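Asker: Sending over a structure as structure tokens; questions will come in a sec.
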Amino acid sequence: MTRPTTGDAYRDWGDPGIPAIERIERGSTIAGERIIRADACVIGTGAGSAPVAKELAEGGMEVVMLEEGERFTPDDFTARPREMSTILYRDAAQTTTLGNVPIVLPLGKALGGTSLINSGTCFRPPAAVLDMWGERFGLDGLNEKELDPYFRRVEREVNVAQVPPDIAGENALVVKRGAERLGWSGDFVWRNARGCVGSGVCNFGCPTAAKQHVGATYVPRAWAAGATTYTGTTAKRVVMERGRARGVEAATSGGGRVRVECDTVIVACGAIHTPLFLADQGLAGDSGELGRNLAIHPATAVRALFDEEIDMARGVPQSYFIDEFADEGIMLEGAAGPPDYAAMTTPYAGAEHRDLMLSYRNLSQFGLMVSDLSRGAVRRRAGRTEILYDLNGEDTATFKRGVELLCEMYVAAGARRIFPPLAGVPELRPDDLRPLTEREIRPQDLTLMAFHPLGTARADARPAHGVVDEELRLHGTEGLYVADGAVVPSSIGVNPQITIMALATRLAYRLLDKPSPQEEPEPESIAQPRITRPHAVTA
């Protein structure tokens with residue numbers, strides 16, 4: 001199947017390259033014990049697990065995927081955020097960090113993982129970051145030249161193409177206007193979508209089946225190659241014999257048990273739950289780094305009121321980006337939201353809040369993501385998952401700078417009123433930004449969210465400093481691998497799903513002893529923002 005052009009990717013409905021066959025066993029129907037013999041067991045069906053499962057299955061291996069969540073299709077997606085949050089997200093999208101500022105960290109819990117409910121943005125990691133991985137972590141094989149064929153393969157598999165202006169939405173065009181007036185570098189985002197019409201509810205399940213998340217692309221292709229997925233099935237432990245993986249034991253939502261007997265296990269529960277799953281079994285290694293080094297790309301957003309109608313719920317929510325300040329660790333990206341979510345973060349109360357919400361169609365919102373220097377940790381305490389994260393002074397200053405830039409952009413775009421995400425500064429007038437610029441801010445003054453947990457089982461060539469090696473194998477073991485955001489050793493400054501997919505694809509090729517996929521065609525354009533030096537480096 002050839003890579004679609006930008007226009008084709010957004011005009012053609014469906015994807016004839018994806019087979020219709022389904023190989024799903026629903027855990028809710030399994031009450032007894034089931035023993036399965038396979039070559040490989042992949043825990044998860046997200047951005048790392050689905051690609052490795054598909055590639056291994058196509059390479060001739062018998063593959064079993066275990067997914068804690070359920071499978072949902074576009075027929076299940078109502079486009080109502082409150083309804084969808086309770087079934088597609090873990091903790092109803094209210095997972096939150098503990099620290100000097102609470103940060104909401106939504107996590108997907110369904111077939112497709114978080115790729116099902118993200119905005120679809122697809123960027124390659126900056127070459128400067130990959131070079132730094134070699135220098136700091138000894139990951140010399142994870143350079144841009146080595147990974148390029150895997151990026152190309154992944155981008156074709158999920159139909160990456162640039163957002164056409166006609167579905168970007170007025171929210172993006174207003175921001176583009178402001179950025180261009182200031183001479184800032186920016187462009188329309190690259191996304192994994194096909195036949196997108198700009199429904200505006202990417203984060204709550206695509207109702208038109210346009211978003212090419214891994215549950216709609218990689219997983220069906222894995223089924224076509226003979227792989228089987230068990231949904232509603234939670235992995236409990238890896239069976240180990242003398243340091244070698246020999247299988248996985250899992251519990252089903254129907255009260256049964258599944259045992260997969262195999263010699264290769266790939267753990268891909270996500271950067272929050274992979275370290276907990278491994279630590280619960282004493283598979284932490286000797287470095288002491290498991291569950292540490294958590295980076296999350298913390299983010300916030302600024303709103304502005306215009307005289308013109310914008311209706312930010314129409315169009316692709318994250319369709320434009322500004323990379324002018326990316327070397328400072330600041331990526332400005334679309335963050336439009338539907339009215340009910342906007343109401344929860346709109347300032348003021350009572351009549352003032354009501355009046356602002358009545359002006360919703362005139363509101364614009366744009367986001368700010370920081371390539372964080374702060375690091376957190378994940379741990380289990382009294383049976384509960386705790387995500388510990390303190391925003392440090394450097395990142396707090398970066399947020400202040402980023403919010404000031406967004407306000408400046410909105411002034412240039414012609415905003416009448418501006419609403420920064422800061423306690424004590426509910427509103428700014430375009431002719432006076434001093435209440436913001438002259439204010440000292442603390443972490444707790446910010447309203448933050450985050451979507452990209454990384455690093456909690458970081459890759460490092462040295463067993464004393466990392467959890468997995470360059471091949472993503474858990475140090476000190478055989479047959480046990482990690483293939484999700486946990487292995488990414490630092491902040492990368494861009495949305496990480498393409499990075500995770502490429503690393504997982506490379507792992508599959510190594511396990512199959514195949515050469516890299518050099519036959520992949522060159523893309524029309526490379527989805528890589530302008531970042532010339534790594535901002536955030538893990539110590």
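Asker: Limited to region 476-506, what total is found for residues that are assigned to a loop (DSSP other than H, G, I, E, B), surrounded by fewer than 24 Cβ atoms within 10 Å (Cβ to Cβ) and in contact with a strand residue (DSSP E or B) (Cβ under 8 Å, 6 or more places away or on another chain)?
Answerer: Result for region 476-506: 2.
Asker: Does Ala57 qualify as being outside the structural domain of Pro338 (by TED's automatic domain parsing), in contact with a His (Cβ under 9 Å, 6 or more places away or on another chain) and modelled with pLDDT of 95 or more?
Answerer: Numbers: outside the structural domain of Pro338 (by TED's automatic domain parsing): yes; in contact with a His (Cβ under 9 Å, 6 or more places away or on another chain): no; modelled with pLDDT of 95 or more: yes.
Considered against the rule, which asks whether it is outside the structural domain of Pro338 (by TED's automatic domain parsing), in contact with a His (Cβ under 9 Å, 6 or more places away or on another chain) and modelled with pLDDT of 95 or more, Ala57 comes out as no.
Asker: Pick from Ala382, Ala343: which is surrounded by fewer than 18 Cβ atoms within 10 Å (Cβ to Cβ) and touching a helix residue (DSSP H, G or I) at 6+ places or on another chain (Cβ under 7 Å)?
Answerer: Going through Ala382, Ala343 in turn, the sole match is Ala343.
Asker: Next up: State all residues of region 93-139 that are closer than 16 Å to Phe77 by Cα and assigned to a loop (DSSP other than H, G, I, E, B); if no residue qualifies, say none.
Answerer: Within region 93-139, Lys109, Leu111, Gly112, Ile117, Asn118, Ser119 meet the criteria.
Asker: Picking from Ala161, Ala172, which residue would you name as being in contact with a strand residue (DSSP E or B) (Cβ under 9 Å, 6 or more places away or on another chain), part of a helix (DSSP H, G or I) and buried (at least 24 other Cβ atoms within 10 Å of the Cβ)? Before you say what the answer is, go through the steps one by one.
Answerer: On the way: Ala161 fails: part of a helix (DSSP H, G or I).
Sole residue among the options that is in contact with a strand residue (DSSP E or B) (Cβ under 9 Å, 6 or more places away or on another chain), part of a helix (DSSP H, G or I) and buried (at least 24 other Cβ atoms within 10 Å of the Cβ): Ala172.
Asker: For region 428-457, which residues satisfy the criterion of being in a loop (DSSP other than H, G, I, E, B), under 24 Å from Pro102 (Cα atoms) and not small (Gly, Ala, Ser)?
Answerer: Across region 428-457, the qualifying residues are Arg439, Glu440, Ile441, Arg442, Thr447, Phe451, His452, Pro453, Thr456.
Asker: Let me ask something additional. Taking Phe151 as the residue in question, decide whether it is among the hydrophobic types (A, V, I, L, M, F, W, C), closer than 30 Å to Arg361 by Cβ and not assigned by TED's automatic domain parsing to the domain that holds Leu406. Even if it seems obvious, please write down each step before you answer.
Answerer: Values: among the hydrophobic types (A, V, I, L, M, F, W, C): yes; closer than 30 Å to Arg361 by Cβ: no; not assigned by TED's automatic domain parsing to the domain that holds Leu406: yes.
Criteria not met by Phe151.
Asker: Looking at region 351-386, which of its residues are at pLDDT below 95, in a loop (DSSP other than H, G, I, E, B) and either in the same structural domain as Gly493 (by TED's automatic domain parsing) or of a type outside the set (S, T, N, Q) (or both)?
Answerer: Matches in region 351-386: Ala382, Gly383.
Asker: In region 178-202, how many are in a helix (DSSP H, G or I), within 24 Å of Gln528 (Cβ to Cβ) and not small (Gly, Ala, Ser)?
Answerer: Adding up the residues that qualify gives 3.
Asker: Here is a list: Phe151, Phe188. Which entry is under 17 Å from Gly334 (Cα atoms) and within 20 Å of the chain's Cα centre (by Cα)?
Answerer: Phe188
Asker: Of the residues that sit in region 26-48 and are touching a helix residue (DSSP H, G or I) at 6+ places or on another chain (Cβ under 8 Å) and in a loop (DSSP other than H, G, I, E, B), which one is surrounded by the fewest Cβ atoms within 10 Å (Cβ to Cβ)? Quick ask: steps written out before the conclusion?
Answerer: Of region 26-48, the ones touching a helix residue (DSSP H, G or I) at 6+ places or on another chain (Cβ under 8 Å) are 39-40, 42-48.
Checking the rest, the ones that are also in a loop (DSSP other than H, G, I, E, B) come to 39, 44-48.
Details: Asp39: 16, Gly44: 28, Thr45: 31, Gly46: 34, Ala47: 33, Gly48: 38.
Among those residues, the one meeting the criterion is Asp39.
Asker: Let me ask something else. Of the conditions (1) surrounded by fewer than 24 Cβ atoms within 10 Å (Cβ to Cβ); (2) touching a strand residue (DSSP E or B) at 6+ places or on another chain (Cβ under 6 Å), Gly226 satisfies every one except a single condition; which number is it?
Answerer: (2)
Asker: Mind listing just one residue for me: the one in region 49-88 that is in a loop (DSSP other than H, G, I, E, B) and touching a strand residue (DSSP E or B) at 6+ places or on another chain (Cβ under 8 Å) and, of those, nearest to Ala342 (Cα to Cα)?
Answerer: So the residue we want is Phe72.
The values are calculated or read from the model by the stated rules, or taken from the named source; none is laboratory data. The structure displayed is predicted, hence computed values, not measured ones. Virtual Cβ from ideal backbone geometry, glycine too; neighbours counted across all protein chains shown.
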